[in-house]
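Following: one structure in C-alpha cells, then a few remarks.
The values are calculated or read from the model by the stated rules, or taken from the named source; none is laboratory data. Nothing here was measured: the structure is a model prediction, and the numbers come from that model. FYI the Cβ positions are ideal-geometry reconstructions off the backbone, even for glycines, and counts take in every protein chain you see.
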Amino acid sequence: MKDATRRYRTLFISDVHLGTRGCQAEHLLDFLKHHEAETIYLVGDIVDTWQLKSTWYWPQAHNDVVQKLLRKARKGTRVVYVPGNHDEFLRDYCGTHFGGIEVVESTIHRAADGRRYLVIHGDHFDMVVRHARWLAYLGDHAYVWALAANTIFNRVRRRLGFPYWSLSQWAKLKVKSAVNHIGAFETNLVGEARRADADGVICGHIHHADIHDRYGPTYVNCGDWVETCSAVAEHPDGRLEIIVWHARPDRMPDLQAAGALQAA
C-alpha cells in the first residue's frame, strides 16, 4: 500500500502509558505519522508517573512520541491534554500551556454535527481508584505482570505465523467481576454526561475501546496504546470511529482497519 495520510477533524488518544515497558510507542508514533487532525485530545494516562516513580524507563521511542506531539502543536494542530490518574500531577497545571499543549481537567467537545461530548479521563468515576487507591496500585502491578505474559504469548504466536491477539484483554472480558466493573464505569460516565447536559462522553481509563448508546447518551472509550493500539477519530461530518492500529514498518495496514467500530 502506498504511504498515505488520513485527515480527520479530531483525534482522541488515551492511555499511552509512556514510561512503561508495555507501552506500544512505536505503533503510536507510526499512527501519528499517518494521521492528521485539526484537534488532538490526549485523554489521560499519556505518561505513567506511577511506574516511573518505582522504575525509570524512558527509551528513545517514548521521547519521539512526545516530540511528535509537540511538533504537531507547533505546526498548528490544537492539542488538548486531559490528565488521568497516572499523570495526575498535571492536574495542578490545568488552565496552562506546555509547548503549545493546553492542559484542562475536562472539557466539552462540539462535533461537526453539533453534538456535545464531555471529554474526561474517567478515573474519578472508577470506584476502585476513588475509594481504594491502594487496591488500584496493586491492580496496576498485576496488570504489568499480565502484560509481560502477553508479550511472551504473542512472541510465540508471531513465530507460528499468527497475528497479534491480546491474552490479557480476553482474560479481562472473561472474568465476570471485570465485566461488571466495565458496565458500572460506563453508566457512571454516561450519568456525568447527562449532568453536563452533553450528548455523550469520550473517555479512557479502563483500556476497553467501545462506542455505544445503550444508556442514552453516547459512550465512547478511546482504548489504549498498551494492548489495543486504538484511537477515536471524528470525521468531517461528526461521525466517530475507532481505529485499531497495529502498524509495522514492513507492512502498513489498511487504513480502514479490520474491526473498526463506528458510531450509529
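The table below gives the values:
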{"read-out": "Condition met for ILE206 (out of contact with any Cys (no Cβ under 8 Å at 6 or more places or on another chain), closer than 18 Å to HIS86 by Cβ, modelled with pLDDT under 95 and not acidic (Asp, Glu))", "value": "yes"}
{"read-out": "Residue check for TRP58: among the aromatic types (Phe, Trp, Tyr) and surrounded by fewer than 15 Cβ atoms within 10 Å (Cβ to Cβ)", "value": "yes"}
{"read-out": "Residue that is surrounded by the most Cβ atoms within 10 Å (Cβ to Cβ), among those in region 217-260 that are at pLDDT below 95 and basic (Lys, Arg)", "value": "ARG248"}
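This table checks each residue for (1) surrounded by 15 or more Cβ atoms within 10 Å (Cβ to Cβ); (2) hydrophobic (A, V, I, L, M, F, W, C).
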{"position": "TRP50", "(1), (2)": "yes, yes"}
{"position": "LYS53", "(1), (2)": "no, no"}
{"position": "GLY76", "(1), (2)": "no, no"}
{"position": "GLY84", "(1), (2)": "yes, no"}
{"position": "GLU88", "(1), (2)": "yes, no"}
{"position": "TYR93", "(1), (2)": "no, no"}
{"position": "THR96", "(1), (2)": "no, no"}
